[in-house]
Amino acid sequence: MGSVLPDSVDLDRWDEPSPGPDLRESLVQWLGYQRHEFQRKWRDLSADQLASWSIPPVELSVLGLIRHMQQMEHAYLSWGLGGGDQVETYGDDDYAGGSAETVEEDVRLYLEEVARADTAIAALPTLESVGRGHGDPLGHTLVKMIDEYALHSGQAHMLRFAALGTLRR
């Protein structure tokens, strides 16, 4: 099975960002690192494995996490920072929703939201700049998203192993 990610997404291991004097640059690099690690959890999984609730009775799949993170990218970054129309793509059906048939569309929506989020981040000049959607400062919002990715990457890691039926790093 090929990856559900486009060929342009690098699935090789990255090193953690190096410390530097610019806090904004550091936070943006950590967000990029956490996104990358989250996306690496999808590799080698078929559409069925991505959508499966592989740890019963938990109604959670890697696909559910992808759908959830699409909504978090929107709420906190693309809409939260950039403003415009707030959209709940999946509503309350993010974690438990989706199927093998929706995988490609869900991944596409997630990656498009990440691109919009990056544009919204770049548009704000300082960490103290407030988002036009939620009104929270950029710095706070970046820390929140790094935390979201750290939490959900850990969940995706365990779900990945369960779906594969083996520890494949």
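Laboratory data are not the source of any read-out in this text; all were calculated from the coordinates shown. Values in this document were obtained by computation on a predicted structure and should not be read as measured data. Please note: Cβ atoms are built from the backbone with ideal geometry, for glycine as well, and neighbour counts cover all protein chains shown.
See the values below:
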read-out: Distance in nm between pseudo-label sites at GLN86 and LEU151 (7 Å out along the Cβ direction from Cα); value: 1.8 nm
read-out: Rel. contact order, % - alpha carbon contacts under 8 angstrom, at least six apart, region 26-137; value: 31 percent
read-out: The chain, dipole about Cα centre (Lys/Arg Cβ +1, Asp/Glu Cβ -1), debye to the nearest 20; value: 440 debye
read-out: Shape of region 91-166, Cα gyration tensor, a/c cut at 1.5; value: prolate
read-out: Sparse-neighbourhood loop sites, GluC sites (Glu not before Pro) in region 91-169 - DSSP loop, at most 13 other Cβ within 10 angstrom; value: GLU128
read-out: Region 75-89 - phi-based ³J(HN,Hα) in whole Hz, Karplus 6.51/-1.76/1.60, Gly and Pro as x; value: 5, 8, 10, 5, 7, x, 8, x, x, x, 8, 7, 10, 9, 4
read-out: Karplus (6.51, -1.76, 1.60) ³J(HN,Hα), θ = phi - 60°, over region 154-162, in Hz, Gly and Pro reported as x; value: x, 5, 4, 4, 5, 5, 4, 4, 5
read-out: Summed side-chain charge close to THR126 - residues other than THR126 whose Cβ falls under 14 Å, Lys, Arg +1, Asp, Glu -1; value: -3
read-out: Charge sum, other residues only, whose C-beta stays under 12 Å from GLU105's C-beta, Lys/Arg counted +1 and Asp/Glu -1; value: -2
read-out: Net charge, GLY64 excluded, C-beta distance under 10 Å - Lys, Arg +1, Asp, Glu -1; value: -3
read-out: Rounded FRET efficiency, nearest 0.05, which uses the C-beta distance separating SER46 from VAL143 and R0 of 45 Å; value: 0.85
read-out: Debye intensity ratio I(q)/I(0), log10, region 24-114, q values 0.15, 0.16, 0.17, 0.22 Å⁻¹ (C-alpha model); value: -0.59, -0.67, -0.75, -1.12
read-out: ³J(HN,Hα), Karplus 6.51/-1.76/1.60, whole Hz, each residue of region 135-149, x for Gly, Pro; value: x, 8, x, 4, x, 4, 5, 5, 4, 4, 6, 4, 5, 4, 5
read-out: Peptides 14-24, 65-75 ordered by average Cβ neighbours within 10 Å, highest first; value: 65-75, 14-24
